[in-house]
Every structure is written in C-alpha cells, then in structure tokens.
Amino acid sequence: YDLTPEDLAALAGEEAPETEAALPTLAVVGRPNVGKSTLVNRIIGRRLAVVEDTPGVTRDRVSYPAEWAGTDFMLMDTGGWEAKVQGLDLSVAQQAEVAIDMADAILFVVDATVGATASDEKVVRLLRKSGKPVVLAANKVDGPQGELEAASLWNLGLGEPYPVSALHGRGTGDLLDAAVAALPTEMEQVAVDPEAPRRIALVGRPNVGKSSLLNQLAGERRVVVDETAGTTRDPVDERVEIGGRAWTLVDTAGIRRRVHMTKGADFYASLRTGAAIERAEVALVLLDASVPLTDQDTRVISQVVEAGRAMVLVFNKWDLVGEDERFLLERSIEQDLVQLPWALRINLSARTGWHTNRLVPAIDLALGSWDQRISTGRLNSFLGELVAEHPHPVRSGKQPKILFATQASTRPPRFVIFTSGFLDPTYRRFIERRLREAFGFEGSPLQISVRVRE
Ligand code: GDP
Ligand code: GDP
C-alpha cells in the first residue's frame, strides 16, 4: 500500500462533528403518509449512507446530524414513530406534542394534494401554543400545477407555505433555507466555545431518584439558560454549579414534568430519554440500589452505549442498604454489569447527600476518556506488538492481517482498523480489551470498525 497515514485517515472517514450534542434540533412533524420520511431522507440521505460497519450502531436514533448552507443541526424524524409504538395508537397530535416539546424548531409537513385535514388543524393548534418557530412544507407539489393548492395552506395561519416535492427535490432548497433560519443560533455559539459548560443528561426509569438528585445538585443556584422569550414553557436545559464548576444539565424539564399521558407514556419517556442522551456529552444513569436491576434499567444503559456517550452509573438510595447487605449487593451488581467492565460506578444517596461529591471526579474521568485521542504512531506500535504476541487465529488456511489503524474521531473514540480479511468477533473484542488496558478509556464506549482492503 502506497498510502500515507494521512491518506488512510482520510479514508477512515470524515471526523464526526464533535459538537453534535449541542446542535439545535429540527423536528419533522405531520400526519402519516404526507411524506415526512421521504423529506428526511432527502435531507440526510447522503449522511445516512455513511453509517457503516460499526458493531452496535443498530439503534433507532431519535435524530440525525444534518447540514444545510453551512449550518449543522439535528433532524428529528417522527415518520418512523408510528411503527414503533406497537399497537399503542399514539395519535398524530400526541406524537406532535412529543416532538414539539423536544425540538427547537418544527418543520410541519402537509400533503398539498389533500389539503389541511382536521388532524392537521389539531397539530396547528399545538404548534401555536408552543410558541416554537414553525416552517410549513406543502409537500407533493411535483410540478407547477400544484402551487395553487399549496397557496391555500396560507389559511393555516403558520405563514408562508413552501411548495416542495420531497420525492423529486423540487423547492426543498428554499424550504431548508427557511428552516435553518428558524433555528436558534445561540446553541451553536455555545458549541464552538471550548470553555462552554459540558452537557450532562440525568437519565433512568421513573422513581430511581432523578428529581431528588437534580434538586441536590442544582440547589438554589440554578440558572435558566434556555428560556424562549414570550413563552411559558419550562426551560429545557439548566446551567448548574456542581463542585464549584458550571455544567449544563440537559432536559431537566423532562425530569421535573410528570408525564400525564396515559397512552404511550413509556414510549414518550423512552424517546425523551433518547433525545436527552443524544444532546448530552455524558449521561448519568441513575439506578435504584435497593432493588434488583430491571429490563428498563438495562435498556437505558444500552441507549447510552449505543449513542456513544460517556457514562457514569449512579447507584442511588444507598441509605436504604444495610451494612450487612452491602458486600452481597456489590457482588450482584458486578455480575449484572459483567458486559460493561469499563463503566464507572458510584454509590450515593440523593436523599442524604452521601457520596454526591464523587460525581464530579467520575464525570471528569468519563469525559476525559471520551475526548481522548491516541496518536496514529502510538496506536500502530501498540497494535504491532499486540499482533506479534497474539496473532489472529488461522481460519481455513487464511489469516487476516492487520495492516494499519487510526483513530478516526473522538467523542466517542472511534478506531478504524484496516485488515486483509474479516476479523473474528472474539479477536475484535480482544483488541478492544487490550486497547482499554493500554490507554484507559474508563467511562467511555469505544467504536471499532474494520475495513477489509482487497
Ligand atoms: P410519512 O408517513 O409522512 O413518513 O410519509 P412517507 O415519506 O412514507 O411518504 C408516503 C408516500 O408519499 C410514499 O409513497 C412516498 O413515495 C409519497 N411521497 C412522499 N413525498 C412525495 C412527493 O413529494 N410527491 C409525491 N408524488 N409523492 C410523495
Ligand atoms: P424520579 O422519578 O427518578 O425523578 O425519582 P424521584 O426523585 O421522584 O424519587 C422517587 C422516590 O424515591 C421519592 O419518594 C424519593 O423521595 C425517593 N428517593 C430518591 N432518592 C432517594 C435516596 O437516595 N434514598 C431514599 N431512601 N429515597 C430516595
């Protein structure tokens, strides 16, 4: 191979945007079949194709990185939600409510060939109430003859309808110009500022103690950072001081607000958790130490790992655990988490404040791992030694060779290994284990992809 390390690094893929977590979110909302998914695919299509052979990247993301005219943002696709509610009939309006709550601006899609229906009108009322910026797409205007129908959507009172054809691309440029203009800009400034407070999500199933811990941490000193002028909605993010430093707690409104929705409440909660995780750099996963781990707990943990965020597992309510139970409890927790040897754990009590001073050091350690970059030189000398000592097993007469590796990005650390053949999953895991032994990375997931060169 006549490629320089720089060539290979370029091949390994563009650096993922390091500030994805802090990008503003545009949600695409509308009735089924109006063309939401088609539009989303048109906007992010090329980006999605890049999602590659990284094991574990199988999650249903809540939103995707997108870019238009130099503005980076997250695009939230509600098109797939219907399918995932599984029997629970989340109405269009309920779904819109969830999306509106989690987004910074809304792209509302109406089928211009059908016109506004009663359920479109319902969504319009919610949009108005929210006070969030809305851009109206009159979709399925595949040619000039549809423009008139699109113009009738002025009646909705949401401003100019943008006639578009999600299918053919017609008019989508103007629509995106308007959508990008509707997004708040302060968040981006925060994102490029290296001194900006780091973003923490406090997640976990109901009743593990999220609001209690939030109150402990935030105390009286909380400052609202994301207050939309002229609306009464709860602040989504709050700036708090913990351990004498400023942090941004993501989606505290979701923690403070009790979900009243009966239909689809779990679905709502899990979407909201997913969105909070994606907007954060580090997730504190709260668990109740006084009861065994539940499936819901493990689901939240997987959400964090798959989203590639730094993680600290916080076992709360230790004041309920008797002295004599502690040893056995620790042992059983070890057992539960045997698949996640890199996870950082702390035991505390949100009620008494016991050990809450251990949070900041754990968060710092996890974020340090998440940010860590190993130089290409160090990485390859490490792999060279590893392979010399423990070569890949020979499979039907063949032995894949490791040619070269590079760390393609940080946040989370992502490694790309170029090989002459497919690696056994066990060998991949062996490499990950050794990478961690050599370089730490406690509290951060690692992504390792393998590129087979012919
Ligand atoms: P969603 O349920 O809102 O996500 O809608 P989809 O994106 O799945 O689209 C529903 C149907 O409308 C599909 O058959 C699409 O091919 C079609 N469709 C979407 N956008 C357009 C468009 O701009 N023009 C036409 N003619 N059909 C479209
Ligand atoms: P959330 O639903 O995750 O926000 O949980 P809450 O903060 O509302 O707590 C649920 C219940 O657990 C409440 O009754 C809290 O008082 C209680 N709780 C929270 N943290 C602790 C703790 O550290 N020790 C004990 N004993 N109870 C706690």
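The values are calculated or read from the model by the stated rules, or taken from the named source; none is laboratory data. What you see is a predicted model; the values in this text were computed from it and never measured. Cβ: placed from backbone, ideal geometry, glycine included. Neighbour counts: every protein chain shown.
On the stretch given as segment 394-403, residues that are exposed (fewer than 13 other Cβ atoms within 10 Å of the Cβ), among the hydrophobic types (A, V, I, L, M, F, W, C) and not in a loop (DSSP other than H, G, I, E, B) total 0.
Here is a yes/no grid of residues against (1) within 14 Å of ligand 2 (Cβ to nearest atom); (2) closer than 24 Å to G353 by Cα; (3) surrounded by fewer than 17 Cβ atoms within 10 Å (Cβ to Cβ); (4) small (G, A, S):
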| residue | (1), (2), (3), (4) |
| --- | --- |
| D266 | yes, no, yes, no |
| L271 | no, no, no, no |
| I277 | no, no, no, no |
| Q296 | yes, no, yes, no |
| S302 | no, no, yes, yes |
| R309 | no, no, no, no |
| W318 | yes, yes, no, no |
| G322 | yes, yes, yes, yes |
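Selection over segment 157-178 of residues that are away from ligand 1 (no atom under 16 Å from the Cβ) and in a loop (DSSP other than H, G, I, E, B) gives a count of 4. Hey, among the residues in segment 129-151 that are modelled with pLDDT under 90 and surrounded by fewer than 14 Cβ atoms within 10 Å (Cβ to Cβ), which one's nearest to ligand 2 (Cβ to nearest atom)? Looking at the filtered set, the residue picked out is K129. Are any residues in segment 243-257 among the small types (G, A, S) and outside any strand (DSSP E or B), and if so, which ones? Across segment 243-257, the qualifying residues are G243, G244, A253, G254.
A Cβ distance below 6 Å, combined with a sequence gap of six or more or placement on separate chains, defines the contacts here; from segment 143-170, residues that are farther than 18 Å from A182 by Cα reach residues that are part of a helix (DSSP H, G or I) and hydroxyl-bearing (S, T, Y) in the pairs A166/T38; L167/T38.
If you check R345 against the conditions, is it without any contact (Cβ under 8 Å) to a residue 24 or more places away in the chain, within 26 Å of the chain's Cα centre (by Cα) and within 16 Å of ligand 2 (Cβ to nearest atom)? Judged against the criteria, R345 is not a match.
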